[in-house]
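Derivation of every value follows stated rules applied to the coordinates shown; laboratory data play no part. Keep in mind that this is a model prediction, so the values were computed, not measured. Counting neighbours? That spans all protein chains shown, and the Cβs are built from the backbone with ideal geometry, glycine included.
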Amino acid sequence: MCPIYIIMDPNQIRRRRRNTAINLLVEYYNTYINRSPCYTSSHFGDKWVAEMLVGHPTRFHNMFRMTQDVFTDLLAELIGSHGLNGSMRMTDREVLAITLYIFSQNESMRGAMECFQHSSETIRRYFSVGLSALVSLAKQVIKPTDPTFSQTPAEIRHDRRYMSFFKDCISTIDGTHVDARVSSNEKVAFIGRSGTPTQNVRAVCNFNMFFTFIMSGWEGSAHDSRIFKSATRNPHYSFPHPPQGKYYLVDVGYPLQRGYLKPYPDTNIIYMISNEQVMLQEAEKRCSIKAFLLRGAIERTFGVWKKQWVILRDMPPYPFSKQVQIVIATMTIHNYIRRHPSRYDVDFLNAEANQQEVVQDPSENQIVSLCYEITANNQPFVLRNGKVQMKWLSFENRLLMRWLICD
């Protein structure tokens with residue numbers, strides 16, 4: 001069978017090509033130039049933020065987890081020194097509002113798109129701008145309020161429960177875990193005791209619920225002592241080491257060394273005088289309770305921090321580097337709110353109001369100050385003039401004994 005060839009008129013070929021080109025141009029125009037707007041709400045973006053700023057304080061706090069005054073001052077700080085800038089279609093305060101809204105509500109990009117009436121690309125870009133500005137502010141905000149640690153903290157100085165025991169204590173160190181989203185290849189390293197991938201965050205916190213040092217980005221399986229050693233031994237992190245005679249309170253997961261006081265270890269020490277043994281056990285018990293309550297400041301701080309920023313409890317699948325930045329940025333906002341001159345925030349006030357009180361022990365005043373010394377030949381405790389004395393005591397044990405007995 002012979003093949004059939006169709007010979008087309010050159011003019012017909014040109015007309016077909018011209019029609020195809022015209023159809024492509026019309027389609028492009030309708031899709032990208034004369035497109036129908038998707039976000040057409042008349043109450044969008046900066047208008048909504050402006051209304052919130054003059055609206056009821058509770059409504060504003062529910063959305064952005066801070067008061068209007070704090071928002072205004074934070075915005076001025078970020079614009080002036082930390083590179084927060086908008087554009088022709090996005091105001092500066094709208095950039096900050098988008099960032100805080102995503103932090104506080106853990107809102108998805110689609111939810112933020114609907115709330116602020118911008119495209120996903122615009123929301124993502126300016127969320128990163130706001131995040132970078134807050135991370136830049138962290139260097140200015142997350143640091144000790146008294147770099148020399150020359151003064152006893154007011155929370156200890158004005159509380160007779162702690163003053164006799166912890167007058168040289170400057171802050172407390174602890175850690176917490178933040179939800180993390182990582183790839184399947186990295187997931188095993190991030191699974192800790194919780195059974196889910198987490199980011200291990202270490203922090204130093206004073207007794208005013210103020211972060212003075214943070215270290216984020218560690219895997220959830222990393223041990224506390226490993227992170228602690230990395231922070232204190234690497235000059236790159238600029239850890240605020242305690243001066244001579246001062247110390248931090250730490251928990252049992254940290255190594256015992258100069259300047260860091262752990263809870264009294266549960267050891268079996270045989271005493272020569274049974275009455276003194278009973279007195280020591282009672283003193284240890286009371287001091288352990290006091291230390292636990294004093295270290296509760298950092299637990300309350302973590303509680304307020306995670307309550308304010310819901311994103312920490314269910315982290316979206318951002319790149320892990322951005323997840324680390326979110327931890328730093330939210331801690332920065334936490335400190336900024338706490339140090340603001342208004343000194344008013346519902347979450348902080350609730351945490352302070354719920355602070356547990358200790359019932360005064362009637363027998364506390366009956367405990368006498370004891371001086372301990374070990375004899376050169378390692379003999380048991382010796383009773384001299386009604387007091388137990390020892391000749392030699394290591395630095396660590398001196399700290400522990402000083403913690404246990406009022407000096």
Next on the checklist: For a quick check: with amide H placed at 1.01 Å from N, whose amide H comes under 5 Å from Gly217's, ignoring anything fewer than 5 positions away on the same chain?
Outcome noted: Asn200
Checklist entry - Got a sec to turn the phi values of the range 168-180 into Karplus ³J(HN,Hα) couplings, 6.51 cos²θ - 1.76 cosθ + 1.60 with θ = phi - 60°, whole Hz, x for Gly and Pro? => result 9, 7, 10, 6, 10, 10, 7, x, 8, 10, 10, 4, 10
Item to check | Chain lengthening between Asp314 and Gln244 when straightened (0.36 nm per residue, less Cα-Cα) | outcome: 21.0 nm
Checklist outcome for this item: A correct Karplus calculation of ³J(HN,Hα) over the range 320-334, with 6.51 cos²θ - 1.76 cosθ + 1.60, θ = phi - 60°, whole Hz and x for Gly and Pro, returns 4, 4, 6, 4, 5, 5, 5, 4, 5, 5, 5, 5, 5, 5, 3
Next on the checklist: Can you order the peptides 112-119, 330-337, 16-23 by their average number of other Cβ atoms within 10 Å per residue, highest first?
Outcome noted: 330-337, 112-119, 16-23
Checklist outcome for this item: Along the range 235-244, Karplus-curve 3J(HN,Hα) (6.51, -1.76, 1.60; θ = phi - 60°) to the nearest Hz, with x for Gly and Pro, reads x, 4, 8, 6, 5, x, 5, x, x, 4
Checklist outcome for this item: Least to most buried among Leu256, Leu261, by other C-beta atoms within 10 Å and fewest first, runs Leu256, Leu261
Item to check | Separation of the Glu114 and Lys143 label points, Cα + 7 Å toward Cβ, nm | outcome: 4.4 nm
Checklist entry - For labels at Arg339 and Thr58 in the simple 7 Å Cα→Cβ model, what's the distance in nm? => result 3.2 nm
Checklist entry - Measuring from label point to label point, each 7 Å out along Cα→Cβ, what is the Ile13 to Arg125 span in nm? => result 4.4 nm
